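Scroll down for the structure; my scribbles are underneath it.
The values are calculated or read from the model by the stated rules, or taken from the named source; none is laboratory data. Keep in mind that what you see is a predicted model, and the values were worked out from it rather than measured. Neighbour counts are summed over all protein chains in view; Cβ atoms, including those assigned to glycine, are modelled from backbone coordinates with ideal geometry. Only protein heavy atoms, including side chains, enter the accessible area calculation; ligands, DNA and RNA are left aside. Shrake-Rupley method; radii C 1.70, N 1.55, O 1.52, S 1.80 Å.
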Amino acid sequence: MEIAETIVKAREVVRSWRSRGLSIGLVPTMGYLHEGHASLIRRAKEENDQVALSVFVNPTQFAPNEDLAKYPRDFQRDSALCSSLGVGLIFHPEPLEMYPSGFATYVEAPALGLNLCGRSRPTHFRGVLTVVLKLFNILEPTRAYFGLKDAQQFFILKRMVTDLSLDLAVVPCPIIRESDGLALSSRNAYLSESERRAALVLHKALTQAEASVLAGETNSLQVVSAMKKIIAQEPLAKLDYAEVVETKGLTLVNEIVGETLVALAVYIGQTRLIDNFLWKANNK
Ligand code: AMP
């Protein structure tokens, strides 16, 4: 397994693959890898000749009041996991390598960031789009793998790939959970024992919402207010948002028909957690 800290070195590795006609699966991450990331790596490995994974805690997607400095990091553990899963290249740049002095160009899709996480984190997706486009340019993947845990991110990136005519496929991957239902996240490391228990409220609200939709409820307001009630019963939880959007323009919808995203962001103590379920009419 190769580890590249510079763009030049990463390009050398991927160009040698490309020159041999090998396909490349890319898994962009912020590190502190868990089974959710591992599922993306396995899928990339199945569908491509080589897998590249980036570990980069991207400063431009954090607002000044957010957790950039304390975001968990353990590169040794990450590289051991990647090596055991057959990753061919880890790209692990310093911020200055990605954002050299004078950096001034950003990618934005403002209309897709009006709801969900975009509302509470107004500069977040501009940072995500910018860094992912850079990763695509540097690592030239055939396919790139993203978890539906960050569903809004996936749909915005898919839009970028279409809008900017990028020559690659973005592949959505299912949410991986702990056995009790909590969605895996590097940020779960922030939770105390009591917060860890309280964090189950996201999954509880979403599974009850999904059951009600499965039983025929199509009114978003009803679904959202039932989820809000469940969140309000947990003393350590504070709701950021509970919203229902369609997946093309990510606009709020009153009726759950077609492909619909039901999503939550909840503070458990100081830690902001997100989770969702994707509803497709043919789920029924
Ligand atoms: P992160 O390191 O949190 O930026 O995540 C990197 C990639 O892993 C993103 O595409 C995430 O959506 C994905 N991911 C994170 N947690 C999970 C999970 N529990 N299940 C599936 N994918 C995940």
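Numerical summary
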| item | result |
| --- | --- |
| All positions within region 1-20 that are in a helix (DSSP H, G or I), small (Gly, Ala, Ser) and either outside the structural domain of ARG73 (by TED's automatic domain parsing) or surrounded by 21 or more Cβ atoms within 10 Å (Cβ to Cβ) (or both) | ALA10 |
| Criterion (away from the ligand (no atom under 16 Å from the Cβ) and not hydrophobic (A, V, I, L, M, F, W, C)) met by exactly one of SER220, SER185 | SER220 |
| Single unsatisfied condition, SER23 versus (1) surrounded by fewer than 17 Cβ atoms within 10 Å (Cβ to Cβ); (2) over 26 Å from ARG121 (Cα atoms); (3) within 16 Å of the ligand (Cβ to nearest atom); (4) in contact (Cβ under 8 Å) with a residue 60 or more places away in the chain | (3) |
| Odd one out for VAL257 among (1) under 24 Å from ARG196 (Cβ atoms); (2) out of contact with any Leu (no Cβ under 6 Å at 6 or more places or on another chain) | (1) |
| Selected residue (only one of TYR106, TYR99, TYR32, TYR71 is more than 16 Å from the ligand (Cβ to nearest atom), surrounded by 14 or more Cβ atoms within 10 Å (Cβ to Cβ) and either aromatic (Phe, Trp, Tyr) or at pLDDT below 95 (or both)) | TYR99 |
| Hits in region 120-147 (condition: surrounded by fewer than 18 Cβ atoms within 10 Å (Cβ to Cβ) and either of a type in the set (Ser, Thr, Tyr) or within 12 Å of the ligand (Cβ to nearest atom) (or both)) | SER120, THR123 |
| Candidates VAL245, VAL257, VAL266, VAL224 - the one that is touching a residue at least 12 places away in the same chain (Cβ under 8 Å), assigned to a strand (DSSP E or B), among the β-branched types (Val, Ile, Thr) and more than 16 Å from GLY118 (Cβ to Cβ) | VAL266 |
| Of residues in region 170-182 being near the ligand (Cβ under 10 Å from one of its atoms) and in a loop (DSSP other than H, G, I, E, B), the one surrounded by the fewest Cβ atoms within 10 Å (Cβ to Cβ) | PRO174 |
| Qualifying positions in region 156-169 - open to solvent by less than 50 Å² (accessible area, probe 1.4 Å) and either away from the ligand (no atom under 13 Å from the Cβ) or assigned by TED's automatic domain parsing to the domain that holds ALA237 (or both) | MET160, VAL161, LEU166, LEU168, ALA169 |
